[in-house]
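Step one of this worksheet: look at the structure below.
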Amino acid sequence: MVNHLLMISADLENLADIQPQGGCDDPNFTYLFKLRCGNCGEVTQKETCLSLNETTPSAKGKTEVHLSQKCKFCSRDGTINMITGRGRPFTQTDAETGTYAPLMLFDCRGYEPVDFVFADGWKAESLEGTKFTDIDLSGGDYADYDEKGECPVMISNVRAKFDVVNLKLVGNTQDGIQKYYEAIKIDPHYDRAYYNLGVVYSEIMQYDTTLNCYEKAAIERPMYVEAYCNMGVIYKNRGDLESAIAYV
Ligand SMILES: [Zn+2]
């Protein structure tokens, strides 16, 4: 089992962030990409279209997966499952620093996802708070005008890549998480354990859980500077500057 994390990047003009219309785990958002067979190495001619709300029984018929298909060249079975909770909006800070933001995690067996194609179903918010919906990025860019900010807004130079997620790290992380929970069970007021849990969850990009852990750490130790700083960074990366400032 290999996990591939879809990472996106773009240039933004006068926009605070972009993300799928219904948020990063939008059940209707479609992901288009090609598949490379892990057995024979052939890449499919056409893009496969996946979305969270469409599942199919696996070849063995025991579980529901998001894709189950035989390679046309070598007939090897392959499946893909989408794992929610790993994405976040792509923000202006990302654009300025040339960073990629994670969008969706794919658990792939027998296939490797390649060549993600941008399509429709995106939304964006301008620096002035104007919301733009039904954005189609299939042409590679998007331009509109923000009446409130009296300025043009633009998305251009969209790009994507799939990063292989280190499963060993994820395995060690799970062990670490277990140990901190055991420590909290023994001492429910152990501020450092909540903080460390937050750090671990942040490494595997589960930011909602991360925020929860830091908040608990800050309840146990009201002047917990590191916890507040880390919360501020997460809100900043999300483009939520108001909350970010509140924590710094
Ligand atoms: Zn094959």
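A few notes on this one:
- Per residue, the chain reaches -9000 deg cm²/dmol at 222 nm when only DSSP H runs of four or more residues are counted, each adding -39500 (n - 2.57).
- Note on R76 and E203: their simple-model spin labels are 3.1 nm apart, each label 7 Å out from Cα toward Cβ.
- Relative contact order of segment 25-166, defined on C-alpha pairs under 8 angstrom at six or more residues apart (%): 19 percent
- Counting only lysines at least 8 places from K123 when in the same chain, those with an alpha carbon closer than 21 Å to its own are K131, K148, K161, K236.
- Among F132, F116, sorting on how many other beta-carbon atoms sit within 10 Å of each Cβ, with the fewest leading, yields F132, F116.
- Loop-located trypsin sites (Lys or Arg not before Pro) in segment 65-128, at most 12 other Cβ atoms within 10 Å (DSSP): K72
- Top of A143, A119, A218 by mean-square fluctuation, Gaussian network on the chain, Cα under 10 Å: A143
- Relative contact order [Cα under 8 Å, 6+ residues apart], the chain, whole percent: 22 percent
- P(r) for segment 167-247, from all Cα pairs and a bin width of 5 Å, is 3, 17, 25, 23, 17, 9, 5, 0 %, short bins first.
- Ordered from longest to shortest, the equivalent ellipsoid semi-axes for segment 2-165 are 33, 15, 13 Å, each the square root of 5 times a Cα gyration tensor eigenvalue.
- Applying 0.36 nm per residue to the separation of K185 and D134 and subtracting their alpha-carbon distance, the gain on full extension is 13.7 nm.
The numbers here are math on the coordinates, done by the rules we state, and not lab data. If you're wondering where the values come from, they're calculated on a predicted model, not measured in any experiment. FYI the Cβ positions are ideal-geometry reconstructions off the backbone, even for glycines, and counts take in every protein chain you see.
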